[in-house]
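K.L.:
Have a look at this one.
The values are calculated or read from the model by the stated rules, or taken from the named source; none is laboratory data. Nothing here was measured: the structure is a model prediction, and the numbers come from that model. Ideal geometry is used to build each Cβ from the backbone, glycine not excepted, and the neighbour counts take in all protein chains shown. Keep in mind that these areas ignore ligands, DNA and RNA; they rest on the heavy atoms of the full protein, side chains included. Shrake-Rupley method; radii C 1.70, N 1.55, O 1.52, S 1.80 Å.
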Amino acid sequence: MEYQILLIRHGMTKGNEEGRYIGRTDESLSPKGRDVLLKNKVQIYDSYVNGKDYLLFSSPMKRCLESCEILFEGQNIEVIDDFKEIDFGLFENKNYEELNGRDDYQEFIDSNGESDFPNGEKQSDFKNRVLKGFSEVLKNMSSKNSGFAVIVCHGGTIMTILESLTGKNYFSFQIKNGFGYKLGFKIEGDVISEVSYCCV
């Protein structure tokens, strides 16, 4: 069966605008974040979704649910808890200026962002739960015989899904708030093949 999925990163929050590590912090969209989504709505909705049958999935965080309401007003939303962003631990809700000079932050920088966040969620645990959530989406799509879905979630969630499907570097899939990727692939049995993606 062929699948197409839009992976959309939520709109900006105040913390995003200030360059903060926003994971478990449940912020609403900022006015600027709402404006960007409204401008992107034509590009995202009209270009990829309008007139098609699709399933809509979202992280349970406010910033994602609010983004769904702006981009896909009136569509039923299925919440996937496993799509929450990673818990940044001691870095949560702090930005570079506040963390610069700390030994634990320097260790993180020296690891090229690959070490675990102090007192936070292990990156391997985060990736495993995101992929568990993605499997839930695929099962849902299959049971409803739907080949098209939209997932509104977080940057880390998107990077994890694309890293897993393509084998490419996690950080190569960074995306700005309010934008995302169009993902395509086939599934035969348990085998995923012919993976393609492009920015939207």
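K.L.:
Those residues that are within 30 Å of Asn50 (Cα to Cα) and either surrounded by 14 or more Cβ atoms within 10 Å (Cβ to Cβ) or of a type in the set (Gly, Ala, Ser) (or both), I need them from the stretch 80-113; list them, please.
P.N.:
If the condition is that a residue be within 30 Å of Asn50 (Cα to Cα) and either surrounded by 14 or more Cβ atoms within 10 Å (Cβ to Cβ) or of a type in the set (Gly, Ala, Ser) (or both), then Ile80, Asp82, Phe83, Lys84, Glu85 are the ones that fit.
K.L.:
For the stretch 25-64, which positions are under 16 Å from the mean Cα position of the chain (by Cα), surrounded by fewer than 17 Cβ atoms within 10 Å (Cβ to Cβ) and within 21 Å of Ile5 (Cα to Cα)?
P.N.:
Hit for the stretch 25-64 is Pro60, nothing else.
K.L.:
Ile77: under 30 Å from Ser135 (Cα atoms) and in contact with a Phe, Trp or Tyr (Cβ under 8 Å, 6 or more places away or on another chain), yes or no?
P.N.:
Considered against the rule, which asks whether it is under 30 Å from Ser135 (Cα atoms) and in contact with a Phe, Trp or Tyr (Cβ under 8 Å, 6 or more places away or on another chain), Ile77 comes out as yes.
K.L.:
Of all residues in the stretch 118-152 being more than 19 Å from the chain's Cα centre (by Cα) and surrounded by 13 or more Cβ atoms within 10 Å (Cβ to Cβ), which is farthest from Cys64 (Cα to Cα)?
P.N.:
Result: Pro118.
K.L.:
Out of the residues in the stretch 167-179 meeting the condition of being more than 10 Å from Tyr197 (Cβ to Cβ) and within 11 Å of the chain's Cα centre (by Cα), tell me which one is most open to solvent (accessible area, probe 1.4 Å).
P.N.:
Lys176
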